[in-house]
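Student: Before I ask anything, here is the structure I am working with.
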Amino acid sequence: MPSSVNTGSGNNKPGQLGFDSSNKPHAYDAVRQREYFEGVVGRRIIAFLIDIAIILLLTIAVCLLLIIVGIFTFGLTWLLLGMTLPAVALAYNAYTLSRPQSATIGMRSTDLQMRTWYGAPMYALLAAFHALLYYFSVTIFTPFILLIAPFNGRKRCLHDFLAGTVVINTDARARSYKRN
């Protein structure tokens, strides 16, 4: 984590909910730390394809389990089949992004990680919220959500702005870009 990251707790005033963001600067300066953003957009697309394949495989497994259990519950669990894909996708994102690597399996395979705007690792609720924003925005704007990423320094998509997250290279990948 870069030295400019301040992850200390803020001085909350009485009656104030949450944290005081005034003492948390944006982490990963896009000008001074370009190595954290080199090639992020392209590798993020590859990571998405890997993750969607994993989500589809998990969804198929859960559907098969629901069908088998449905035989013994007189079809009651078959009512859940329509919710399987969204539930698996949210659970997958919440679980994998809240791990210490702060990355999904696809992101780990492409040396990416997701952080909050002030540099802290992801947590499950924010990861699920980010996934919901992604799936809603991709439903409405289709591939246009990627158009904003090349035009901002931190390579953030619309749902990243709304969730307060940033996708960066891992420290090892960033060091390799810095040497070059």
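Student: In the list 91, 124, 120, which residue meets the criterion of being touching a helix residue (DSSP H, G or I) at 6+ places or on another chain (Cβ under 7 Å), surrounded by 15 or more Cβ atoms within 10 Å (Cβ to Cβ), hydrophobic (A, V, I, L, M, F, W, C) and more than 19 Å from residue 42 (Cα to Cα)?
Tutor: 124
Student: Exactly one condition in (1) buried (at least 21 other Cβ atoms within 10 Å of the Cβ); (2) assigned to a helix (DSSP H, G or I) is false for residue 168; which is it?
Tutor: (2)
Student: Now, a different point. Just one of the numbered conditions (1) within 17 Å of residue 154 (Cα to Cα); (2) out of contact with any Lys or Arg (no Cβ under 8 Å at 6 or more places or on another chain); (3) part of a helix (DSSP H, G or I); (4) not acidic (Asp, Glu) is not true of residue 41; which one?
Tutor: (2)
Student: Of the residues that make up the stretch 128-139, is at least one at pLDDT 90 or above, outside any loop (DSSP other than H, G, I, E, B), over 14 Å from residue 94 (Cα atoms) and of a type in the set (Val, Ile, Thr)?
Tutor: No, every residue in the stretch 128-139 fails to be at pLDDT 90 or above, outside any loop (DSSP other than H, G, I, E, B), over 14 Å from residue 94 (Cα atoms) and of a type in the set (Val, Ile, Thr).
Student: Just a yes or no: is a residue in the stretch 144-155 of a type in the set (Lys, Arg), at pLDDT below 90, under 17 Å from residue 47 (Cα atoms) and not in a helix (DSSP H, G or I)?
Tutor: The answer is yes, given that some residue of the stretch 144-155 is of a type in the set (Lys, Arg), at pLDDT below 90, under 17 Å from residue 47 (Cα atoms) and not in a helix (DSSP H, G or I).
Student: Residues to consider are 147, 158, 79; find the one that is within 17 Å of the chain's Cα centre (by Cα) and of a type outside the set (D, E, K, R).
Tutor: Numbers: 147 fails: within 17 Å of the chain's Cα centre (by Cα); 79 fails: within 17 Å of the chain's Cα centre (by Cα).
Going through 147, 158, 79 in turn, just one is within 17 Å of the chain's Cα centre (by Cα) and of a type outside the set (D, E, K, R): 158.
Student: Only one of (1) modelled with pLDDT of 85 or more; (2) in a loop (DSSP other than H, G, I, E, B) fails for residue 26. Which number is that?
Tutor: If we test residue 26 against (1) modelled with pLDDT of 85 or more; (2) in a loop (DSSP other than H, G, I, E, B), just (1) comes out false.
Student: Continuing with this model, one more query. How about the stretch 101-117: which of its residues are surrounded by 19 or more Cβ atoms within 10 Å (Cβ to Cβ) and within 13 Å of the chain's Cα centre (by Cα)?
Tutor: Passing the criteria: 102, 103, 104, 106, 107, 112, 113, 114, 115, 116, 117.
The values are calculated or read from the model by the stated rules, or taken from the named source; none is laboratory data. Model, not experiment: these values are computed from the prediction. For neighbour counting, all protein chains shown are included, and Cβ atoms are generated from backbone atoms with ideal geometry for every residue, glycine included.
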